[in-house]
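A short worksheet on the structure shown next.
The values are calculated or read from the model by the stated rules, or taken from the named source; none is laboratory data. This one's a predicted model, so the numbers in the text were calculated from it and none came from an experiment. Every residue, glycine among them, receives a Cβ derived from its backbone with ideal geometry; neighbour counts consider all protein chains shown. Heads up: the accessible areas ignore ligands, DNA and RNA and are worked out on the full protein's heavy atoms, side chains in. Shrake-Rupley method; radii C 1.70, N 1.55, O 1.52, S 1.80 Å.
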Amino acid sequence: MSFTGTGKVWMNGKIVDWADASIHIASHVIHYGSAVFEGLRCYQTQQGSAFFRLDAHMRRLYDSARIYRMDYGLDRDAFTRAVVETVQANGLEACYIRPVLYRGYHTLGINPLPCPVEGTIIVWQWDAYLGTNALEQGVDVCVSSWTRSAPNTFPAMAKSVANYANSSLIKMEAVLGGYTEGIALDSNGRLSEGSGQNLFLVRDDVIYTPPIASSVLPGITRDSVLALAQDLGLQVREQELPREMIYVADEAFFAGTAVEITPIRSVDRITIGSGKRGPVTAAVQQAFFDYVTGATPDRHGWLTPVEIPGMRREKAPEVVLRKA
Ligand SMILES: Cc1ncc(COP(=O)(O)O)c(C=O)c1O
């Protein structure tokens, strides 16, 4: 995906043109990775555009900022309103939204505290993150030689840009090795998560996912999957998982805002189950897409409708995976 180079960016209270959304090279964030961010989606639903789990994402952003002692001048409600305004200013019916809080320009030295906390919001259209066939066919992945950060090093619960140095190592190793994604183990050698998505396995119709203490980001899609699986009457277990559990799983899938629900068809060239999207993955995927497109009622209160100027719903969008 490359940017179109157009659109509007929110920068510290002002909406500016895409081309003007720049910061000084001496900003603390450039040198020391001092930023926290979110990634969320606004979907085109049958009732109009709607954010998926806006409150949960903004809560996690402010939790990340708290962990890193970043006090932003706008409180969570005001920054949430800015997210809505930015999506409206861009006039996109469906988009991916990236709110960021970062340490700006003041002095350079490791101590971030003297540097101002600044905020920005970027939006763009981001379709299938792992390729167009991934949602149906699944992806081939490897277990990375890089592990996730050990406890009490980089806080995994914070969505800090610094964590993505580790994610980049995992992703590059996977891509250069001919895989679509990499799965990292935690520092105890247990399954953790992908470079930018949480991991789920299915064995004997039970869904398993590593617990938060296995160095995973507390994913909002992960949380949604756990709830939707329960709605479907499926058993879910959050527990530590040995690496080999994934090789003997009947099914495996990734969950995240970017990947949505993407099946995994092989790990380290070992075929998972039948090598096709399995029935449990298909059911969860269907429940997820039905939810985000408004085909099923918003029984958990996860959708926040947003009026996009100039958009009129002529016809309901198709539910993406109805045929699965
Ligand atoms: C490392 C990592 N794990 C998991 C996730 C999934 O989180 P969410 O479902 O909130 O997008 C992401 C995506 O932000 C991520 O970067």
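Things worth noting here:
- Listed peptides 106-114, 264-272, 238-246 appear in the order 264-272, 238-246, 106-114 once ranked by packing, highest mean of other Cβ atoms within 10 Å at the front.
- Normalising the average separation of contacting C-alpha pairs (under 8 angstrom, six or more residues apart) by the number of residues puts the relative contact order of the stretch 1-68 at 19 percent.
- Cα centroid separation, the stretch 65-123 to the stretch 221-287: 32 Å.
- With every protein chain in place, the stretch 19-136: carbon and sulfur % of accessible area (1.4 Å): 48 percent
- Result for the chain in a Gaussian network model with C-alpha springs under 10 Å: among P210, P279, P99, the largest mean-square fluctuation is at P279.
- Net +/- balance of residues flanking L61 in space, Cβ distance below 11 Å, scoring K and R +1, D and E -1: +3
- Value of D in µm² per second that Stokes-Einstein yields for the chain, Kirkwood Rh from Cα pairs, at 20 °C (1.002 mPa s): 105 µm²/s
- Taking a sphere under 9 Å around the Cβ of I15 and counting the other residues whose Cβ falls inside, with K and R at +1 and D and E at -1, yields a net charge of 0.
- Accessible surface for the stretch 167-278, divided over its residues, is 38 Å² per residue with a 1.4 Å probe.
- Placing unit charges on each Cβ (+1 for Lys and Arg, -1 for Asp and Glu) gives the stretch 136-267 a dipole about its Cα centre, and among T180, G138, V161 the Cα reaching farthest toward its positive end belongs to V161.
- Gyration tensor (alpha-carbon) shape descriptor, the stretch 60-172, a/c threshold 1.5: oblate
- Pairwise FRET efficiency - I15 versus S145, Cβ, R0 = 51 Å, nearest 0.05: 0.70
- With contacts taken as Cα pairs under 8 Å and at least 6 residues apart, the chain reaches a relative contact order of 20 percent.
- Count Lys and Arg as plus one, Asp and Glu as minus one, and take only other residues whose Cβ is under 13 Å from that of I183; the net charge is then -3.
- Taken about its Cα centre, the stretch 10-136 carries a charge dipole of about 360 debye when Lys and Arg each add +1 at the Cβ and Asp and Glu each add -1 at the Cβ.
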